[in-house]
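Trainee: If you scroll down you'll find the structure; I have some questions about it.
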Amino acid sequence: QVLAGVYPISQLQEPYTAVGYLGSRLALPPLLQLRPPSGPAWTAWDLCEAWAEKRGYRTARAARNDVYRAANALLRLAAEGRLRLCLRPPGFTEQRGEWGPPKHPH
């Protein structure tokens, strides 16, 4: 709902699940030129931390990477269309033949 623009990003209490969904469908590290993760595979947290590091987002007190701000920024990029995400209709894969271009009578 967030990535489709139906639910406001500002209302999200936990944005990392939505970032994880985004990261599972787009190759964010090469798209955003992010540094490699510390572990074997990217997690939503890794994506947010790398984006915070790249953009210079820091928490006020401890001056750590502000992953929450980075998560919201990544979701905004997708919601605004600056990260292109294509969501297919439910059942698209099974009914692919029926989703072709409209057939016009001659």
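Trainee: Restricting to the range 59-106, and then to whatever is closer than 23 Å to Gly20 by Cβ, of a type in the set (Lys, Arg) and at pLDDT 80 or above, can you tell me which residue is surrounded by the most Cβ atoms within 10 Å (Cβ to Cβ)?
Mentor: Taking the candidates together, the pick is Arg69.
Trainee: Let me ask something else. For the range 27-45, give me the residue count where each residue is open to solvent by 30 Å² or more (accessible area, probe 1.4 Å) and in contact (Cβ under 8 Å) with a residue 40 or more places away in the chain.
Mentor: Residues in the range 27-45 being open to solvent by 30 Å² or more (accessible area, probe 1.4 Å) and in contact (Cβ under 8 Å) with a residue 40 or more places away in the chain: 1 in total.
Trainee: Got at least one residue in the range 27-34 being in contact with an Asp or Glu (Cβ under 9 Å, 6 or more places away or on another chain) and assigned to a strand (DSSP E or B)?
Mentor: No - not one qualifying residue is present in the range 27-34.
Trainee: Within the range 64-79, is even one residue small (Gly, Ala, Ser) and touching a residue at least 60 places away in the same chain (Cβ under 8 Å)?
Mentor: Within the range 64-79, one or more residues are small (Gly, Ala, Ser) and touching a residue at least 60 places away in the same chain (Cβ under 8 Å).
Trainee: Separate question: Does Glu53 qualify as being touching a strand residue (DSSP E or B) at 6+ places or on another chain (Cβ under 7 Å), surrounded by fewer than 20 Cβ atoms within 10 Å (Cβ to Cβ) and farther than 26 Å from Pro89 by Cα?
Mentor: So Glu53 passes the test.
Trainee: Related question: Give the range 3-22 a look and list any residue that's modelled with pLDDT under 90 and open to solvent by less than 50 Å² (accessible area, probe 1.4 Å), or say none.
Mentor: Leu3
Trainee: Quickly run through the range 1-26 and pick out the residues that are within 15 Å of Asn72 (Cα to Cα), polar (S, T, N, Q) and not in a loop (DSSP other than H, G, I, E, B).
Mentor: Ser10, Gln11, Thr17
Trainee: Here is a further query. For the range 49-75, which positions are outside any strand (DSSP E or B) and either touching a His at 6+ places or on another chain (Cβ under 7 Å) or polar (S, T, N, Q) (or both)?
Mentor: Thr59, Asn72
The values are calculated or read from the model by the stated rules, or taken from the named source; none is laboratory data. Quick caveat: nothing in here was measured; it's all calculated off a predicted structure. Here the Cβ is made from the backbone with ideal geometry for all residues, glycine too, and neighbour counts use every protein chain on show. For the accessible areas, the whole protein counts, side chains as well, though only heavy atoms, and no ligand, DNA or RNA atoms are used. Shrake-Rupley method; radii C 1.70, N 1.55, O 1.52, S 1.80 Å.
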